[in-house]
Amino acid sequence: MEKFKVCVAVHLLIIKDNKILLERSIKPDKHFYMNLVIPSGHLKEGENVEEAMIREAKEELGINLKDFELVQIMNVNGFSDVYDCYFFLCKDYDGELINNEPDYTKGLEWHSLEKPIENLMEYQAYALEKYKENPNLSFTMYGWDDNKNE
């Protein structure tokens with residue numbers, strides 16, 4: 001029997017003045033077309049999750065992470081794959097935030113954390129709500145059972 005494979009993704013929470021930085025996806029072949037997404041990406045062969053987060057921050061946003069910490073791991077039963085998603089909180093960075101991937105992202109947007117964010121990917125919205133409820137909650141699950149997501 002072949003071993004089951006889990007995809008790994010990293011997500012960067014950049015929060016300033018009670019607002020979070022999000023991207024508007026324009027990848028037409030994806031189920032999240034024109035939805036808001038937390039800056040994120042996949043782990044590449046040979047790198048760990050921290051290295052992936054540093055690389056993705058530079059590739060997508062043009063910034064160099066100086067200080068960041070893991071705040072949540074989420075096990076997601078996704079549309080076609082199972083993912084382990086690592087959510088990092090950015091505490092400090094060098095550089096100016098830019099949309100460094102205009103072929104994939106329409107632009108960067110700041111959204112208030114004081115109310116639910118419309119059109120944010122469902123599992124990311126769930127992760128963000130859980131983080132807001134308890135920043136020390138280190139593990140969540142999403143999509144495994146409609147009535148129980150943790």
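The values are calculated or read from the model by the stated rules, or taken from the named source; none is laboratory data. In this text, all values refer to a predicted model and were calculated from it rather than measured experimentally. Here Cβ is always computed from backbone atoms with ideal geometry, including for glycine, and neighbour counts include all displayed protein chains.
Here are some notes:
- For region 120-131, a residue qualifies if it is closer than 13 Å to residue 32 by Cα, at pLDDT 95 or above and over 10 Å from the mean Cα position of the chain (by Cα), and exactly one does: 120.
- Inspection of region 42-57 finds no residue satisfying the criterion of being outside any strand (DSSP E or B), among the hydrophobic types (A, V, I, L, M, F, W, C) and at pLDDT below 95.
- The set of residues from region 57-98 being under 14 Å from the mean Cα position of the chain (by Cα), within 18 Å of residue 6 (Cβ to Cβ) and acidic (Asp, Glu) comprises just one member, 84.
- Put simply, of 60, 51 the only residue that is of a type in the set (Asp, Glu) and either crowded, with 17+ Cβ neighbours inside 10 Å or at positive phi (or both) is 60.
- Per the conditions (1) free of Cβ contacts under 8 Å to residues at least 24 places away in the same chain; (2) at negative phi, the sole criterion not satisfied by residue 40 is (1).
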